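**Q** For reference, the structure I am asking about is given below.
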Amino acid sequence: MVIAIAIVIIISGLGDASSYVTFSEARLMANNGNAKKIHVVGALKKDEDGRVVGITESEDKLSFTFLMVDENQQEQKVFYNEPIPTDFIRSEQIVIVGSYQKDLFVADKILLKCPSKYQETELPGQS
């Protein structure tokens, strides 16, 4: 009996687990009525000079929108109902967790991969 209960708990937990998808896949899921939270991996949109573009902070600075480019180079506007995270602009990669609401992706969580503070540097006289 205990084993059967454990199996039911594990299977129900797997149904709630979110998956990694592109913006196209996330939009298709939303259009088909799937409101499950999903992960999208990408990076902030940058201009030709490598500067981050497309971040718009709310007047009260308690939320913001930004442009993100997924692994298929698809650009999407994302809304986050929290202040801009520390080192957000410096991040190399971003994972957002959320879902589509109409044409806007609403993120519930943002995970950042920032450049390492401990990058190896060559000492003078070494080659």
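**Q** Confirm whether PHE79 is within 18 Å of LYS109 (Cβ to Cβ), at pLDDT 95 or above, touching an Asp or Glu at 6+ places or on another chain (Cβ under 6 Å) and surrounded by 13 or more Cβ atoms within 10 Å (Cβ to Cβ).
**A** Values: within 18 Å of LYS109 (Cβ to Cβ): yes; at pLDDT 95 or above: yes; touching an Asp or Glu at 6+ places or on another chain (Cβ under 6 Å): no; surrounded by 13 or more Cβ atoms within 10 Å (Cβ to Cβ): yes.
No, not satisfied.
**Q** While we're looking at this one, here's another question. Within the stretch 40-62, is there a residue that is farther than 20 Å from SER19 by Cβ and in contact (Cβ under 8 Å) with a residue 40 or more places away in the chain? Outline the logic, then answer.
**A** Pass one, the stretch 40-62, residues farther than 20 Å from SER19 by Cβ: 44-62.
Now narrow it down to the ones that are in contact (Cβ under 8 Å) with a residue 40 or more places away in the chain: 44.
Yes, that holds for at least one residue.
**Q** Moving on to the next point. Among the residues of the stretch 2-32, write down those that are modelled with pLDDT of 85 or more and surrounded by fewer than 10 Cβ atoms within 10 Å (Cβ to Cβ). Walk me through how you get there before you give the answer.
**A** Initial filter on the stretch 2-32 (modelled with pLDDT of 85 or more): 20-32.
Within the stretch 2-32, ASN31, ASN32 qualify.
**Q** Sticking with this one: Quick test of your reading of the structure: GLN73 fulfils all but one of (1) farther than 17 Å from GLU92 by Cβ; (2) surrounded by fewer than 16 Cβ atoms within 10 Å (Cβ to Cβ); (3) within 15 Å of the chain's Cα centre (by Cα). Name the failing condition by number.
**A** Evaluating GLN73 over (1) farther than 17 Å from GLU92 by Cβ; (2) surrounded by fewer than 16 Cβ atoms within 10 Å (Cβ to Cβ); (3) within 15 Å of the chain's Cα centre (by Cα) leaves (1) as the failure.
The values are calculated or read from the model by the stated rules, or taken from the named source; none is laboratory data. All values derive from a computational prediction rather than experimental measurement. Quick reminder, even Gly has a Cβ in these numbers, built from the backbone with ideal geometry, and neighbours come from all protein chains shown.
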